[in-house]
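Laboratory data are not the source of any read-out in this text; all were calculated from the coordinates shown. Note that the coordinates shown come from a computational prediction; the quantities given were computed from them, not determined experimentally. Cβ coordinates were reconstructed from backbone atoms using ideal geometry, including for glycine residues, and neighbour counts include every protein chain displayed.
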Amino acid sequence: MKVVTEEALRELLEARSELKAAREAYLTVKKRYLAAHRAVHAEMHSDPILTERQADVLSLIRQHKQNKEIAWDLHISERTVKFHVSYLLKKFGVGNRYQL
């Protein structure tokens, strides 16, 4: 029968302790990842809520109207239209108005 040295036993206990710490770290990271994944999934699958004015701008964009025409139709400044368009692009995660 072989005898286990004190040093080997110490190494075994140290490795076990490191393994436990690594498992706890993994579980913490996994928990954060799953929470972030759920949040992204919920955001991607939720209906974007728009103000009435944003919906109006979106509707006119989909009719292929330019900012100047949208401003004229809605009686707002062209600058305001640009703000709404920028918001819509960000809200829907697209790069240009033709993707809306």
Practice prompt. For the stretch 1-46, report the translational diffusion coefficient in µm²/s to the nearest whole number, using Stokes-Einstein at 20 °C, 1.002 mPa s, and a Kirkwood Rh over Cα pairs.
Written response: 158 µm²/s
Discussion item. Can you compute the equivalent ellipsoid semi-axes for the stretch 52-99, i.e. the square root of 5 times each eigenvalue of the Cα gyration tensor, sorted largest first and rounded to whole Å?
Written reply: 16, 11, 9
Worksheet entry | Relative pair counts by distance (%), Cα atoms of the chain, 5 Å bins | 2, 11, 14, 12, 8, 6, 6, 5, 5, 5, 5, 4, 4, 4, 3, 3, 2, 1, 0
Item to complete: Return the FRET efficiency for the residue pair F83, A25: r is the Cβ-Cβ distance, R0 is 25 Å, and the value is rounded to the nearest 0.05.
Response: 0.05
Practice prompt. Rounded to whole Hz and in sequence order, give me ³J(HN,Hα) for the stretch 84-100 from the Karplus expression 6.51 cos²θ - 1.76 cosθ + 1.60, θ = phi - 60°, writing x for Gly and Pro.
Written response: 5, 4, 4, 4, 4, 4, 5, 4, 8, x, 10, x, 8, 5, 6, 8, 6
Fill in: the chain - percent relative contact order, Cα under 8 Å, separation 6 or more
20 percent
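Calculate for the chain the 222 nm mean residue ellipticity that helices alone would give, adding -39,500 (n - 2.57) per DSSP H run of length 4 or more and normalising by residue count, nearest 500 deg cm²/dmol. Could you put the intermediate results ahead of the total?
Values: 4 runs with 73 residues, N = 100.
Calculated mean residue ellipticity at 222 nm is -25000 deg cm²/dmol.
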